[in-house]
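Quick notes on the structure that follows.
Coordinate-derived values only; no laboratory data. Bear in mind that the values here come from a model prediction, so they are computed numbers and not experimental data. Reconstructed Cβ throughout: ideal geometry from the backbone, glycine too, with neighbour counts over all protein chains shown.
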There are 2 protein chains.
Amino acid sequence: MGAEQKMTMKPFGELTPRIKALEIIDSHIKPIEGTEKVPIGDSNGRVLAEEVVAGFDVPPFPRASMDGYAVKAKDTEGATEENPLVLKLIGVQHTGGVFHGTVNDGECLEIATGAPMPAGADAVVMVEYTRKDGEKVLIERPVVPSRNMAEAGDDMKTGTHVLSEGETITPGVIGALAALGYIEVEVYRKPRVAIYSSGPEIAPQGQALKPGQIYDINSYTLATVIEANGGIAVVCGIVEDTVESIKESLSTASGHDLWVVSGGSSVGTKDLFSEVMEEMGTVYFHGVKTKPGKPTLFGEVDGTPMFGMPGYPTSCLNNSYVYLMPALRKMARLEAKHWVKVKLPMGHEMISKSDREQFITVRIEEGRAYRVYKQSGDITSMTHADGFIILPIGTNKADEGEVVEVTLLHV
Amino acid sequence: MGAEQKMTMKPFGELTPRIKALEIIDSHIKPIEGTEKVPIGDSNGRVLAEEVVAGFDVPPFPRASMDGYAVKAKDTEGATEENPLVLKLIGVQHTGGVFHGTVNDGECLEIATGAPMPAGADAVVMVEYTRKDGEKVLIERPVVPSRNMAEAGDDMKTGTHVLSEGETITPGVIGALAALGYIEVEVYRKPRVAIYSSGPEIAPQGQALKPGQIYDINSYTLATVIEANGGIAVVCGIVEDTVESIKESLSTASGHDLWVVSGGSSVGTKDLFSEVMEEMGTVYFHGVKTKPGKPTLFGEVDGTPMFGMPGYPTSCLNNSYVYLMPALRKMARLEAKHWVKVKLPMGHEMISKSDREQFITVRIEEGRAYRVYKQSGDITSMTHADGFIILPIGTNKADEGEVVEVTLLHV
């Protein structure tokens, strides 16, 4: 055995329950302070880093909100279909132009939706309630002042608050920015997340597998979850299982906002990561009381929070939803992920024993939940899952027909 | 009046109810047939255009799924903490390598999670249930064959179906593709959508507004909704209100999968679009029985489906959710949008009279829904909305405290 004697294959210490782990993570994650300008057309889903105040009235002028005739409202009093009132047509107001005349008593102006209201008029009669006869217009219904028109600034008034710093940008927000003439908008920059895979068995795609090797899965699934939750994934490659290689990878932490490695946080003899992490930084917890994904680690190196994710692909992806996503979204100033949950009966009896809280992937078929029966090493247990059920500690089964809460993964 | 006499400011004909309009749209929209290859890391949310069959076993070899000792299961029968069985340690199997010896009767091999199982062994005893004493290992619990290990192909077997053409790609799907060594994957291409704004009052951002002008809002909101629903937004600019300019814009339809204009589909005298559309193609409906957004048009030019959206920003954005999104998602082969709906009491009495089905935007505050009181021309009625309520035809109010269904816009 010789050289192997130095190895210490030791079990995990006390496992950290999920809620406690999330509290620890939360206490060490700070929202990004840096900002950048982006074109408003690229800003959907970003977070506003500036307050937006209306620089001018929107609309900038009083305008018709219906096609019809701009009138003095008092001139329409008492109009009916049987006894229409007659107004003199003085012209036409298209959108985009300005009519320079004034609507006087007994007069009207043909006007299109969105066109500026002419001086003198205070309401619009919809075209549906009129008849045109040469230069006369027969008004068949009365209107009150301000009817079928908007005042300047009805949407946004000059100087008023429109959007708050910290708001997440939506299509409706982009619409308001566009209305105010914005071309670019100041947003918080996205957290840059370094992603490493570790383990001598991990091979990059594009080369043939040698005996004992498997392809890198976790770099891809982590990058996907990170990009979908407001981060920039910086895929850094595969770390060798040597102290030097691990130190080199950890030394990049300070250049990123978050640092993630998968694999290397189990208790195998060659799992050096946690030792080097302890040496170079601080490990806040190592080992969580959830299944799959026990070998999950959280700490800090050079002021950058770091996650050690499980090497098993399903465990890694599961815990990227459970632990990494909340951290990243807080950092990116996004609201907590809105998981959609549905209550469904189990399609069969399911027994799963563990002293940890369990995340069990399920398919949904004809309104019933069926376990995706796979081991935690099997990525297809996530590939074919519609969602997951959480079994709390102490619960090891669900009966056929029992109503369970399924958290949907893909809506 | 002179030249103005040719104009016909006519009301809409019969309005098409929403369900009927959606049926008409659906009958003219075909899913995209073209495909393209994309890197798997960029494929999240795309739609698979190929079946994926496992080209090799995953895992490619039998492997340990726990840290511990590879054994012959029969050698552990009867082992207890008080009376452990003793096995001879013949070496160590790290991940990434291959142990070339064989585990014979009475022997064991130290093995790490994910490492290939050695010849002769058929189970793994977890390290937690062992003690090491030099070259002896004390086994404190029995295992049955196959315990704590996976066979080659347990996740995916060579030649078996893994993913179907038409599946939407998720992080779990990307994981399966990565496991199978994919670098790129064949997906359906995204529909290219031409976006025009029309109306002489529309000015591009970046230039000062002239009297009677407003900035282009709809190009931005339409592009955002299109990009968020599987399309490529091709913003084509502002169309002038002339027959030539409209014809020129419509002539680009055949170069796109879908063609959208906002404005120009109302009944104003200068709204020439529908006439030119009728001339150059087919209009299937013009005018929908929903509020806001009555002046919505759907047709076809040169085989390309086309939408005429309302010019009013809120109406345009509302109807891009209601009418355009379902068409685009079908074209992009994505599932129907999963709207999250919540039931909440109204925070106040709300009266809104219309003979059309009404979409009413609301804010949610302390668990109650409050109408965003704005006119349909006001983009901020969408900017500040958390969701909308649908009032069916014939319903013109909701009482304070009445439980209404709110469709959430931003989850």
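Over its Cα atoms, what ratio of radius of gyration to 2.2 N^0.38 Å does the range B:69-211 give? Could you put the intermediate results ahead of the total?
Working: Rg = 28.7 Å, N = 143, 2.2 N^0.38 = 14.5 Å.
Normalised Rg, Cα atoms only: 1.98.
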The range A:192-307, convex hull of Cα, quarter of hull surface, nm² -> 7.4
Mean 1/r over all different Cα pairs, inverted: what Kirkwood radius does the range B:1-141 give, in Å? 21.2
Could you pull the copy-to-copy label distances for B:Pro211, with points set 7 Å along Cα to Cβ, in nm to one decimal and sorted shortest first? 8.8
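Helix-only mean residue ellipticity at 222 nm, chain A, DSSP H runs n ≥ 4 weighted -39,500 (n - 2.57), per residue, nearest 500. What is it? Can you show the working numbers first?
On the way: 8 runs with 64 residues, N = 411.
Helices in chain A give a 222 nm mean residue ellipticity of -4000 deg cm²/dmol.
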Closest Cβ on chain A to the rotation axis that carries it onto B (distance rounded to whole Å): A:Val340, 3
Through the Karplus equation 6.51 cos²θ - 1.76 cosθ + 1.60, θ set to phi - 60°, convert the phi angles of the range A:41-57 into ³J(HN,Hα) values in whole Hz; use x for Gly and Pro. x, 9, 9, 4, x, 7, 10, 4, 10, 9, 7, 10, 10, 5, x, 7, 5
Area projected by the alpha carbon convex hull of the range A:63-150, averaged over all directions, nm²: 4.6
Pairs to check: B:Lys330/B:Lys397; B:Lys30/B:Lys343; A:Lys343/A:Lys397; A:Lys343/B:Lys343. Give those whose C-alpha atoms are more than 23 Å from each other in this structure. B:Lys330/B:Lys397; B:Lys30/B:Lys343
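Counting DSSP beta bridges in chain A, what percent are antiparallel, to the nearest 5? Can you show the working numbers first?
Details: 56 of 83 bridges.
Antiparallel bridges make up about 65 percent of those DSSP assigns within chain A.
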Reachable aspartates and glutamates from B:Lys190, Cα under 16 Å, same-chain residues fewer than 8 places away excluded? B:Glu33, B:Glu36, B:Asp42, B:Glu50, B:Glu165, B:Glu167, B:Glu227, B:Asp257, B:Glu335
Stretchable slack from A:Lys20 to A:Glu402, in nm (0.36 nm times residue separation minus alpha-carbon distance): 134.6 nm
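Could you work out Rg/(2.2 N^0.38 Å) for the range A:278-333, with Rg from alpha carbons only?
Numbers: Rg = 11.4 Å, N = 56, 2.2 N^0.38 = 10.2 Å.
Here the Cα radius of gyration is 1.12 times the empirical estimate.
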Using 7 Å Cα-to-Cβ label points, what is the B:Glu335/A:Val144 separation (nm, one decimal)? 4.8
Most exposed to least, judged by fewest other Cβ atoms within 10 Å, A:Asp26, A:Asp122 sort to A:Asp26, A:Asp122
How large is the convex hull of the C-alpha atoms of chain B per residue, in Å³? 221
Taking each residue in A:217-227, count the Cβ atoms of any other chain within 10 Å of its Cβ, then average. What number comes out? 6
Calculated Rg and Dmax of the range A:340-408 using C-alpha coordinates, Å: 11.1, 32
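Using 0.36 nm per residue, how much length does the chain from B:His100 to B:Glu36 gain when fully extended, once their Cα-Cα distance is taken away? Write out the running numbers ahead of the final one.
Details: separation 64, 0.36 × 64 = 23.04 nm, distance 4.42 nm.
Result: 18.6 nm gained on full extension.
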Report, for A:Glu33, each distance to the same residue's label point in the other copies, shortest first and in nm; define the point 7 Å along Cα→Cβ. 5.8
Check the straight Cα-Cα distances from A:Lys210 and name the aspartates and glutamates below 14 Å, setting aside those fewer than 8 residues away within the same chain. A:Glu201, B:Asp57
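Give me B:Cys108, A:Cys316 ranked fewest to most by other Cβ atoms within 10 Å of their Cβ, as a rough exposure proxy. Show your work: numbers first, answer last.
Numbers: B:Cys108 27, A:Cys316 31.
Listed from fewest to most nearby Cβ atoms, that is B:Cys108, A:Cys316.
Using +1 on the beta carbon of Lys and Arg, -1 on that of Asp and Glu, and nothing else charged, what's the dipole of the protein assembly as shown about the Cα centre, debye to 20?
On the way: 78 positive and 112 negative charges, 133 e Å.
So the magnitude is around 640 debye.
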For A:Leu258, the residues 5 or more places away or on another chain with a placed amide H closer than 5 Å to its own amide H are A:Arg192, A:Ala194
Work out the mean other chain Cβ neighbour count within 10 Å for the residues of B:49-60 and drop it here as an integer. 2
Counting only DSSP beta bridges with both residues in the range B:63-150, tell me the antiparallel percent, nearest 5. 80
For A:Gln375, place a label point 7 Å out from Cα along the Cα→Cβ vector, do the same in each other copy, and report the separations in nm, one decimal, smallest first. 6.9
Which cross-chain or sequence-distant (5 or more) residues have an amide H under 5 Å from the amide H of A:Val143, H modelled 1.01 Å from N in plane? A:Thr76
Taking amide H positions as placed 1.01 Å from N in the peptide plane, with prolines and chain starts having none, which residues 5 or more places from B:Leu409, or on another chain, fall under 5 Å of its amide H? B:Gly387, B:Phe388
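Among the DSSP beta bridges whose two residues both lie in the protein assembly as shown, what percent are antiparallel, rounded to the nearest 5?
Values: 112 of 166 bridges.
Here the antiparallel bridges make up roughly 65 percent for the protein assembly as shown.
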Give or take rounding to whole Å, what are the principal axis extents of the alpha carbon atoms in the protein assembly as shown, in descending order? 111, 48, 46
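Give the order of B:Tyr284, B:Tyr323 when sorted by the count of other beta carbons within 10 angstrom, beginning with the fewest.
Details: B:Tyr284 17, B:Tyr323 23.
Fewest-to-most ranking of B:Tyr284, B:Tyr323: B:Tyr284, B:Tyr323.
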